[in-house]
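Notes follow once the structure below has been shown.
The values are calculated or read from the model by the stated rules, or taken from the named source; none is laboratory data. From a predicted model like this one, the values you see are computed outputs, not experimental measurements. Cβ: placed from backbone, ideal geometry, glycine included. Neighbour counts: every protein chain shown. SASA here: full protein model, heavy atoms, side chains in, ligands and nucleic acids out. Shrake-Rupley method; radii C 1.70, N 1.55, O 1.52, S 1.80 Å.
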Amino acid sequence: MKKLSLLIVLALVALTSCNDGPKNEKPSTERSEESKSKIAAMKLAQDNHSFSRPNDAVVTHLAWDAKVDFETKVISGTAHFDIDNKSKGNKIIFDTRDLDIQAVMLDDQTPSSWELGPEKEFMGQALVVEITPETKKVSITYASSPDAGALLWVEGEKPFLFTQSQAILARTWIPCQDSPGVRYTYEADVQVREDLMALMSASNPTEKSADGKYHFEMKQAIPSYLMALAVGDIEYRSMGPNTAVYATPDLIEAAAWEFAETEDMLVAAEALYGDYVWDRYDLLILPAAFPFGGMENPRLTFATPTIIAGDRSLTSLVAHELAHSWSGNLVTNSTWDDFWLNEGFTVYFEQRIMEAVYGRDISEMLAQLSYQGLVKEVDEIMDKNPNDTHLKLHLKDRDPDDGMSAIAYDKGYFFLRMLEENVGRSTFDAFLKDYFTSNAFSVMDTEQFVAHLKAKLLDETAYTALRIDDWIYGAGLPENCPTVGSDRLVKVDEAIQKWTSGEQSSKDLPWNDWMYQERYRFLTNLPSEGVDEKMLKELDEEYGITETGNNEVLFAWLEQSILHQYQPAYPQLRSFLTSVGRRKFLTPLYRAMLETEQRDMAMSIYEEARPAYHSVATGTMDELLSWSESE
Ligand code: BES
Ligand code: ZN
């Protein structure tokens, strides 16, 4: 009784503590107890993307002992799990995919019987381990496959390895209950080559060790999709009291300058929605083959180097991944059908951080670009499968990767913005702050969120008037979608009009005065008619766009170059596609080549580039290009 009330008091102190003053006064161990007691009580929803049955028997802690071998491209070791056999039944189920399971032991090294279930596309195989009602520990000795889906082994004198676990790829490098609803704490001992550093989504070293051994601890319970590891010739540079950047020696200086505002973002984020509970917020700049812009691995965001522009113009990605420390990592989508609860909330939060740090002008430009992308994608998806434009997704029997569209992100964002505009910002902020604190270290599904909305923010009349069900369970964009007001982008659109009608020459465009967002708008909002190769040539001669150091602008430029067959940019196109593996850039560029009957060029570039791409990217590109190994 006494212990329980102490815990409640501690939890209340944590939830109500204010933002100023030093962070993390509450020791991590207490937090982990708090997070664990909550987890034990939770009844989890059925997750169609995991074989595990966490309501029967669930993992609570992982001690991972592993060796990383660049020669064989294999991670091998033992995953020692603490388990809670809730049902007192006789089995516990893990997810695996392409793992070589060598032995399974219970408690103090009693060998156990186990079996692998049938292989299922993108799901892998269930590992069913026989246990007793009293079993407390399960240890699995295994090795990953050289083509494990999560891993990319980048070759070189100083090789690099990174993982990308979201959505269901953690099971390709660690046997686990690979469902976002299952949270556990972890510690790890990892052996790597002596000249390399290892980092995880956990407490991290700031220097290389002498013997290539590293110890990690993650004291807050996290789901498996946030398990992450990187190994490489990595250096550390502090950026502020709670923020630092890790990168290879060639990038560390530039990265530390580019992301120097990260600490300001952290301060702004805490002021908005409550304490940052993960102790540190560091960035790791990965090789350009990283298939995403960023990944919110707790304590250590993984990021593409393509956001180093030299002028701090692409830092909204950092705001986004930082925001996930609340939306996603603290309050986690229950299943991948609820992905919008992670990403929509994160885009909203990202925008608020951007507004706080850089001002409304900038954040409105970003919102306008998000709207532009959303409208385009809604149109495309409506033609193929209108149900995929619902916020609540239907991913059963599909790869959860299919849910990664602008819907979760930008329809999610506009939904929350619509709520904000209707209830007023201060009411909405209080609602969100309460949402994050009262659901900290829990999972959330769409139905629970709707219940929360009804209980705390909207009465029946408002719920109906704001068309909440249309937003969440309906197709397309409801007509009460907010409109964005960016005067600066309106001016860009006017410039487009004048330039494409011949009223204004390339020379007279205010390109040099434009910020990244304005340049991007210009290049992505050009009408397909009214632009030709000659006009692109003039632009390029005037402003040297092919040589721009801003990869977002370069991407948009290369897309236009393909569409209008502006050949002088083609060498740059090839070099971009063979060095950058970010899927968001690859898909539109290869697609543009297909759409303009330049398939031969697409295939020739892809053949050269493919070996260096991550499985997440080749998965999508193979399908787009109908690639088969024999080509
Ligand atoms: N968590 C996502 C990346 C992700 C989603 C990986 C689903 C695998 C499955 C991350 O936070 C993200 O959204 N990244 C974006 C950047 C962002 C600024 C929109 C990206 O990589 O483009
Ligand atoms: Zn995200």
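Some points to look at:
- Some residue of region 398-415 being within 16 Å of ligand 2 (Cβ to nearest atom), under 22 Å from GLN46 (Cβ atoms), charged (D, E, K, R) and open to solvent by less than 10 Å² (accessible area, probe 1.4 Å): no
This table checks each residue for (1) more than 16 Å from ligand 1 (Cβ to nearest atom); (2) of a type outside the set (Gly, Ala, Ser).
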residue: VAL154; (1), (2): yes, yes
residue: THR163; (1), (2): no, yes
residue: TRP173; (1), (2): no, yes
residue: SER179; (1), (2): no, no
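- Residue in region 62-82 that is within 25 Å of HIS215 (Cβ to Cβ), without any contact (Cβ under 8 Å) to a residue 24 or more places away in the chain and either part of a strand (DSSP E or B) or open to solvent by less than 60 Å² (accessible area, probe 1.4 Å) (or both) present: yes
- The condition (being within 15 Å of the chain's Cα centre (by Cα), more than 13 Å from ligand 1 (Cβ to nearest atom) and basic (Lys, Arg)) is satisfied by just one residue among ARG312, ARG299: ARG299.
- SER316 meets the conditions (1) away from ligand 2 (no atom under 15 Å from the Cβ); (2) within 18 Å of GLU552 (Cβ to Cβ); (3) of a type outside the set (A, V, I, L, M, F, W, C); (4) crowded, with 21+ Cβ neighbours inside 10 Å in every case but one. The failed one is (1).
- The condition (being assigned to a loop (DSSP other than H, G, I, E, B) and surrounded by 19 or more Cβ atoms within 10 Å (Cβ to Cβ)) is satisfied by just one residue among LEU489, LEU458: LEU458.
Every residue, every condition in (1) closer than 20 Å to ASP397 by Cβ; (2) open to solvent by 10 Å² or more (accessible area, probe 1.4 Å), yes or no:
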site	(1), (2)
GLY117	yes, yes
GLU134	no, yes
VAL138	no, no
GLY149	yes, no
PHE162	no, no
CYS176	no, no
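- Region 87-97, residues that are touching a residue at least 40 places away in the same chain (Cβ under 8 Å) and open to solvent by 30 Å² or more (accessible area, probe 1.4 Å): LYS88, ASN90, LYS91, ARG97
- Qualifying position, being more than 13 Å from ligand 1 (Cβ to nearest atom), over 30 Å from MET42 (Cβ atoms) and touching a residue at least 40 places away in the same chain (Cβ under 8 Å), among ASP361, ASP379, ASP383: ASP361
Yes/no per residue for (1) open to solvent by 10 Å² or more (accessible area, probe 1.4 Å); (2) among the acidic types (Asp, Glu); (3) farther than 24 Å from ALA319 by Cα:
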| position | (1), (2), (3) |
| --- | --- |
| MET197 | no, no, yes |
| ALA202 | no, no, no |
| TYR246 | no, no, no |
| ALA271 | yes, no, no |
| ASP279 | yes, yes, no |
| ALA288 | yes, no, no |
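- Boolean, PHE290 is in a loop (DSSP other than H, G, I, E, B), within 14 Å of ligand 1 (Cβ to nearest atom), closer than 22 Å to ALA406 by Cβ and not small (Gly, Ala, Ser): yes
- Residue in region 294-303 that is open to solvent by less than 20 Å² (accessible area, probe 1.4 Å), in a loop (DSSP other than H, G, I, E, B), away from ligand 2 (no atom under 16 Å from the Cβ) and not polar (S, T, N, Q) present: no
- Within region 602-631, the set of residues being surrounded by fewer than 17 Cβ atoms within 10 Å (Cβ to Cβ) and closer than 24 Å to THR548 by Cα comprises GLU608 only.
- Of all residues in region 340-358 being in contact (Cβ under 8 Å) with a residue 12 or more places away in the chain and more than 15 Å from ligand 2 (Cβ to nearest atom), the one that is nearest to THR446 (Cα to Cα): ALA356
- Some residue of region 334-345 being closer than 17 Å to LEU317 by Cα, among the polar types (S, T, N, Q) and buried (at least 24 other Cβ atoms within 10 Å of the Cβ): yes
- Top-ranked residue of region 502-513 - restricted to ones that are in a loop (DSSP other than H, G, I, E, B) and closer than 17 Å to LEU536 by Cβ, ranked as least open to solvent (accessible area, probe 1.4 Å): LEU509
- Neighbours by Cβ (under 9 Å, 6+ apart or cross-chain): first from region 293-316, touching a residue at least 60 places away in the same chain (Cβ under 8 Å); second within 15 Å of ligand 2 (Cβ to nearest atom) and among the basic types (Lys, Arg): GLY293/ARG582; GLY293/LYS584; THR304/ARG582; THR306/ARG582
- Here THR427, THR437 are screened, and the one residue that is part of a helix (DSSP H, G or I), touching an Asp or Glu at 6+ places or on another chain (Cβ under 9 Å) and surrounded by 15 or more Cβ atoms within 10 Å (Cβ to Cβ) is THR437.
- Qualifying residue in region 364-383 (condition: closer than 21 Å to LYS433 by Cα and either open to solvent by 20 Å² or more (accessible area, probe 1.4 Å) or of a type in the set (Ser, Thr, Tyr) (or both)): no
- Selection status of SER370, closer than 24 Å to GLY181 by Cβ and either within 12 Å of ligand 2 (Cβ to nearest atom) or part of a helix (DSSP H, G or I) (or both): no
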